[in-house]
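Accompanying notes for the structure given below.
The values are calculated or read from the model by the stated rules, or taken from the named source; none is laboratory data. All figures in this text were calculated on a predicted structure; none of them were measured in a lab. Note: ideal-geometry Cβ built from the backbone for every residue, glycine included; neighbour counts use all protein chains shown. Quick note on the areas: whole protein, heavy atoms, side chains included, nothing else; ligands and nucleic acids left out. Shrake-Rupley method; radii C 1.70, N 1.55, O 1.52, S 1.80 Å.
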Amino acid sequence: MKDLRIAFIPGDGIGVEVTQEAIKALRTLQEAGRVRAQYKVFDWGAEKYLREKVALPAGALPMLQRDFDAIFVGALGDPRVPSNQHAADILLGIRFGLDLYVNQRPVRLLHECLCPLKNRKTSDVNLMIFRENTEGPYVGAGGNLRRGTADEVAIQEDVNTRKGVERILVYAFEHARSKGLKRVCMSDKSNAMPHAHGLWQRVFADVRSRYPEVESRHLFIDTLAMELVRDPSQFQVIVTCNLFGDIISDLGAQLQGGMGLAPSANIHPGRTSMFETVHGSAPAIAGKGIANPMAAFLTLGMLLEHCGYVREAARLEEVVKMAINSGRTTPDLSGRFSTSQVGDWLCEKLKQ
Ligand SMILES: NC(=O)c1ccc[n+]([C@@H]2O[C@H](COP(=O)([O-])OP(=O)(O)OC[C@H]3O[C@@H](n4cnc5c(N)ncnc54)[C@H](O)[C@@H]3O)[C@@H](O)[C@H]2O)c1
């Protein structure tokens, strides 16, 4: 296997702290001869933006595509940049610029004590959310009229294309087929948004007919939110649009124990893809050494699995589970250990 080339963008706040731990994990796997990789760290984030007014440097996208197989992002966001323009330029710049149309967020409960719902077993919370990642209201189409007056009008366009809807639905069904999963749920709000989500309905009818072995159903997004809390065990694969996916996957993150445990991937099959923790830069706890590094370990796992290191990804999840079982956790999971103590412990276990 040739060397994997990884670009690390630690970003801001706790993004920097947890990325350090992910790099430590990668080095551990390299030293154990389990992964062959080269990596480079990029200082893109608030500091650079404030210093040089540069968010995503010129030529960054073709460089990432040419020189790297995968990108790892910690988190971006800094109160000193009130608009968080740099974060949007970097994150949305990479997502849109590299056309990473799949946002994949696994929701897996690693220990039953972490679930905020009563009497849930780990097997009750084990699903994959696929969020369309390049369209919807996030494309920035719209504007303001009579801004700042009592008659102000604000318009944010919801862009949905047949190609965009079809490719995310196909990706979700292909995932179900390849993993032997039986249930796919598509969610939209076609009752209130007949134009945009009427398209989702029509494309869904077409795509689901190509996968007769998969039991597929539709839920309106409000019903999905309710059902996810009432009984998450009924779901295996959920696929939805950009906005609803953003919201529902954070609900999913809580079902599995919080932001400190939630990884994600931004994928375009066959191209350089980007892997990021779901959490933000958490300015309130940044610099205190108490950020949970587990989401970063699991994100590295998703990256490695995507690049063919399936056993190593499983091992990363295994050691995270071991740490939770033995109480080697940061304060967000009621532990008393620091970010680097948890990271060191996880790396020690990785070696074994
Ligand atoms: N993908 C990203 O880079 C991303 C995602 C979300 C938010 N943000 C940005 O991050 C900044 C903060 O946003 P926010 O406060 O809404 O969300 P956040 O995820 O940073 O924090 C939400 C809550 O979860 C806690 N938390 C998050 N990650 C944790 C971890 N690893 N360990 C322990 N506790 C953790 C925080 O302390 C906070 O209480 C904002 O600037 C926002 O725009 C960035």
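Below are the figures for this structure:
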{"quantity": "Pairwise label distance in nanometres, Glu157 with Asp99, each label 7 Å out on the Cα-Cβ vector", "calculated": "2.0"}
{"quantity": "Length released on extending from Asp231 to Met193, taking residue separation times 0.36 nm less the Cα-Cα span", "calculated": "11.0 nm"}
{"quantity": "Contour minus Cα-Cα distance for Glu31 and Lys53 (0.36 nm per residue)", "calculated": "4.1 nm"}
{"quantity": "Karplus-derived 3J(HN,Hα), 6.51/-1.76/1.60, for each residue of the stretch 78-87, Hz, glycine and proline x", "calculated": "8, x, 6, 10, x, 7, 6, 4, 4, 5"}
{"quantity": "Farthest positive-ward along the chain dipole, Cα basis, beta-carbon charges - from Val159, Leu26, Gly335", "calculated": "Leu26"}
{"quantity": "Surface share of carbon and sulfur [accessible, 1.4 angstrom probe, percent] for the chain", "calculated": "51"}
{"quantity": "Burial ranking of peptide ranges 137-150, 31-44 (average Cβ count within 10 Å, highest at the top)", "calculated": "31-44, 137-150"}
{"quantity": "Convex hull per residue volume in Å³, alpha carbons only, for the chain", "calculated": "154"}
{"quantity": "Where a label projected 7 Å from the Cα of Ser209 along Cα→Cβ would reach, residues of the stretch 135-176 with amide N under 20 Å", "calculated": "162-174"}
{"quantity": "Gln38 paired with Phe220, simple spin-label distance in nm, labels 7 Å along Cα-to-beta-carbon", "calculated": "5.5"}
{"quantity": "Per-residue HN-Hα couplings for the stretch 133-144 [Karplus 6.51, -1.76, 1.60; θ = phi - 60°; Hz; x = Gly/Pro]", "calculated": "10, 10, 10, x, x, 6, 6, x, 7, x, x, 10"}
{"quantity": "Extension reserve of the Val310-Arg80 stretch, reckoned as 0.36 nm per residue once the Cα distance is removed", "calculated": "78.8 nm"}
{"quantity": "Given charges at beta-carbon only (K, R positive; D, E negative), |dipole| of the stretch 104-185 in Debye", "calculated": "580"}
{"quantity": "Debye log10 I(q)/I(0) at q = 0.16, 0.29, 0.31 Å⁻¹ for the stretch 245-291, Cα point scatterers", "calculated": "-0.56, -1.07, -1.11"}
{"quantity": "Rg ratio (alpha-carbon, reference 2.2 N^0.38 Å) - the stretch 49-201", "calculated": "1.32"}
{"quantity": "Inter-label distance, nm, simple model (7 Å from Cα along the C-beta direction), Glu348/Ala284", "calculated": "3.2"}
{"quantity": "Dipole axis of the chain (+1 Lys, Arg; -1 Asp, Glu on Cβ), positive-most option in His218, Phe173, Gly77", "calculated": "Phe173"}
{"quantity": "Amide hydrogen neighbours beyond the local backbone of Ala291, cut-off 5 Å, H modeled", "calculated": "Thr339"}
{"quantity": "Cα gyration tensor, the stretch 1-87 - rounded (a/c under 1.5), prolate or oblate", "calculated": "oblate"}
{"quantity": "Pairs beyond 23 Å (Cα-Cα), from Lys121/Lys179; Lys121/Lys189; Lys40/Lys179; Lys118/Lys349; Lys24/Lys351; Lys24/Lys288", "calculated": "Lys121/Lys189; Lys40/Lys179; Lys118/Lys349"}
{"quantity": "Surface accessible to a 1.4 Å probe, per residue, for the residues of the chain, Å²", "calculated": "44"}
{"quantity": "Magnitude of the charge dipole, the stretch 135-283, Cβ model with Lys/Arg +1 and Asp/Glu -1, debye to 20", "calculated": "500"}
{"quantity": "Amide proton proximity set for Leu4, modelled H, under 5 Å, gap of 5+", "calculated": "Arg36, Ala37, Gln38"}
{"quantity": "5 angstrom amide H check on Ile238, placed H, neighbours 5+ away", "calculated": "Met128, Ile129, Phe130, Cys185"}
{"quantity": "Compactness of the stretch 284-347 as Cα Rg over 2.2 N^0.38 Å, two decimals", "calculated": "1.14"}
{"quantity": "Within the chain: Cβ-based charge dipole about Cα centre, in debye rounded to nearest 20 (Lys, Arg +1; Asp, Glu -1)", "calculated": "760"}
